[in-house]
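Scroll down for the structure; my scribbles are underneath it.
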């Protein structure tokens with residue numbers, strides 16, 4: 001550990017100890033009479049107002065993806081990375097349309113997971129199972145991305161970098177991961193909710209300082225943009241192609257406008273059907289808290305746009321660019337930039353912010369996936385009479401298993417572009433969109449048409465993503481592929497395939513008058529406010 | 001779900017008159033505003049250009065930065081308009 005800066009290291013460790021204390025202490029926060037209940041462990045008592053929901057959803061949405069993966073893509077390829085900005089702009093109006101309906105119907109019926117709703121709406125256990133499996137699967141690479149982000153910061157700090165032993169090298173990561181796993185197990189959703197206050201304070205602080213201070217060190221925004229424009233237009237001697245694009249091109253193939261738009265739209269549609277984001281949503285006390293948050297959360301997106309620009313700052317700073325090139329890992333662009341530009345104490349604050357910013361969502365994601373497993377696989381298929389206590393215990397263990405599944409993704413998949421981990425999760429979770437979101441409005445789609453549509457989208461998307469190659473990786477190298485002559489986000493083309501199959505089969509099944517299955521929801525329940533529907537004890541979960 | 005515990009308000013109240021039918025203009029405005037916030041960055045050619053530069057920012061980057069607070073404000077206005085719909 002020869003290159004470790006003592007000041008930076010001390011601050012990061014102090015922050016880590018602080019959030020660990022909060023994580024363990026959170027089990028006492030807003031304490032309920034019976035904590036061994038899924039509404040408590042998994043949804044924090046379903047009593048969060050606008051303020052906490054804002055922090056919690058912000059903690060869900062702005063992750064290592066934002067701080068490490070997006071700037072890394074911008075650094076390596078230029079303008080295409082800004083699809084993430086367009087995506088976070090679109091996500092809110094899209095969610096604004098359907099999320100309050102999901103909140104209301106879930107409140108009335110006591111649904112804990114999106115798959116609970118699907119089961120109630122379509123009366124189909126198979127369809128509900130497909131939701132649960134997809135949610136758990138899609139969450140894992142997303143958590144893996146958080147680990148890659150923590151790893152990037154630790155490696156720039158020089159922690160563990162001097163040894164070649166894989167286990168010793170990743171020991172700090174494993175320790176961080178283990179502590180996270182234990183306090184999630186004990187405190188449930190209360191832990192990330194409480195820690196997200198610390199996280200967001202640190203993040204706002206370092207991002208605002210970074211975007212005002214770093215340009216003054218680099219000769220102003222004019223120089224940064226000018227340098228980037230020249231850099232991406234230059235021909236890379238290795239590939240004989242330009243380094244990247246400075247604005248999306250209007251061609252058919254490459255970093256095009258269409259690729260940009262499909263990546264953004266696909267990610268935006270995917271965001272609010274992720275189980276962990278739905279977990280954060282259902283934890284809100286009032287319908288109005290959801291709507292209000294859709295106009296308050298874009299404040300975070302302004303940050304995202306500024307953070308993406310850190311990629312250009314890293315390009316324009318010769319020292320950072322040389323460090324990244326030497327390490328051969330674009331993920332390190334932002335950590336190296338901070339290390340070079342900030343005094344070591346402030347670098348410590350920024351690094352702590354990124355690490356905590358990865359741990360909070362990892363906790364929420366594993367809780368969301370664990371709830372899916374417990375409610376829609378364990379109780380549904382194995383132990384229908386499970387007590388609330390047993391359900392909570394199962395979720396606690398499932399949250400550990402999901403985290404270790406994520407560790408496998410982090411180790412096995414190439415992380416030249418960690419953003420692909422998130423986009424891979426997106427390809428999968430998008431396949432639940434027709435069932436879940438169309439289901440909030442209409443029962444027109446037939447339950448047995450949605451299953452084959454989902455399956456086709458999953459198979460097509462997985463194979464297409466597997467087949468993408470790059471000079472450094474033979475598989476899983478990209479998230480866009482050429483379809484019908486255009487470069488498109490695979491998640492988007494898979495979703496189109498899924499929807500087309502679902503529509504065609506629905507028409508056939510309806511013509512054949514195949515039974516539609518029971519629907520336990522009523523139209524007015526989709527707009528219910530919490531006031532006229534006192535939170536009922538969910539059947540099967542309820543203590544009553 | 002076994003017995004679905006519905007509140008009296010949810011089950012006994014007659015289906016409300018569609019807010020769409022009683023406030024057509026307001027509903028249209030809401031729809032247009034929400035669609036505009038999505039289309040505004042989805043249709044990339046609208047802003048995919050280096051010029052006009054705003055300060056040091058090429059237009060593409062300026063637009064993405066400024067659209068964000070705009071969406072926040074528009075969605076806030078929509079929330080207010082929807083409150084009126086419920087009456």
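Every number here is computed from the coordinates shown, using simple stated rules; none is lab data. These numbers come from a predicted model, not from an experiment. Positions of Cβ are backbone-derived with ideal geometry, glycine not excepted, and every protein chain shown enters the neighbour counts.
Computed quantities for the displayed model
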{"item": "Stretch gain in nm, segment residue A:14-residue A:400, where the contour uses 0.36 nm per residue and the Cα spacing is subtracted", "result": "136.5 nm"}
{"item": "Where labels lie 7 Å past Cα in the beta-carbon direction, separation of residue B:76 and residue A:442 in nm", "result": "3.5"}
{"item": "Rounded to 10°, Cα long-axis angle of helix A:190-217 versus longest principal axis of chain A", "result": "30"}
{"item": "Gain on full stretching of the segment that runs from residue A:527 to residue A:412 - 0.36 nm per residue minus C-alpha separation", "result": "37.0 nm"}
{"item": "Whole-number D in µm²/s for segment A:5-106 (Stokes-Einstein; Kirkwood sum over Cα pairs; 25 °C, 0.890 mPa s)", "result": "142"}
{"item": "The protein assembly as shown, helix-only ellipticity at 222 nm - DSSP H runs n ≥ 4, -39,500 (n - 2.57), divided by all residues, nearest 500", "result": "-21500 deg cm²/dmol"}
{"item": "Relative contact order [Cα under 8 Å, 6+ residues apart], segment A:437-507, whole percent", "result": "40"}
{"item": "Protection proxy ranking, peptides A:139-151, A:76-88, average beta carbon neighbours within 10 Å, highest first", "result": "A:139-151, A:76-88"}
{"item": "As computed over segment A:394-462, the Cα convex hull volume per residue (Å³)", "result": "120"}
{"item": "Average Cα contact separation per residue, segment B:21-85, under 8 Å, 6 or more apart, as relative contact order %", "result": "39"}
{"item": "Alpha-carbon gyration tensor eigenvalues x 5, square-rooted, for segment B:21-85, Å", "result": "30, 12, 7"}
{"item": "Chain A: angle of helix A:344-373 to the longest principal axis, Cα-based, in degrees nearest 10", "result": "20"}
{"item": "Value of Rg to Rh for the protein assembly as shown (Rh from inverse mean 1/r over Cα pairs, i.e. Kirkwood)", "result": "0.96"}
{"item": "Cα-based helix-to-principal-axis angle, A:220-233 vs chain A, degrees rounded to 10", "result": "90"}
{"item": "Theoretical FRET efficiency, 1/(1+(r/R0)^6), r = Cβ-Cβ of residue A:511 and residue B:66, R0 30 Å, to 0.05", "result": "0.05"}
{"item": "17 Å tail of the calculated P(r), segment A:221-304, as % of Cα pairs", "result": "69"}
{"item": "Cα-only Debye scattering, segment A:433-523: base-10 log of I(q)/I(0) at q = 0.17 Å⁻¹", "result": "-0.76"}
{"item": "Normalised per residue, the volume of the convex hull around the Cα set of segment A:156-310 (Å³)", "result": "209"}
{"item": "Label-point separation in nm, residue A:209 to residue A:503, each point 7 Å along Cα→Cβ", "result": "5.3"}
{"item": "Label-to-label distance, nm, for residues given as residue A:466 and residue A:186 (7 Å Cα→Cβ offset)", "result": "4.2"}
{"item": "Relative contact order %, chain A, counting alpha carbon pairs below 8 Å whose residues are six or more apart", "result": "31"}
{"item": "Number of partner chain Cβ atoms within 10 Å, mean per residue of A:89-100", "result": "5"}
{"item": "Full-extension gain in nm, residue A:482 to residue A:252, via 0.36 nm per residue minus C-alpha separation", "result": "81.9 nm"}
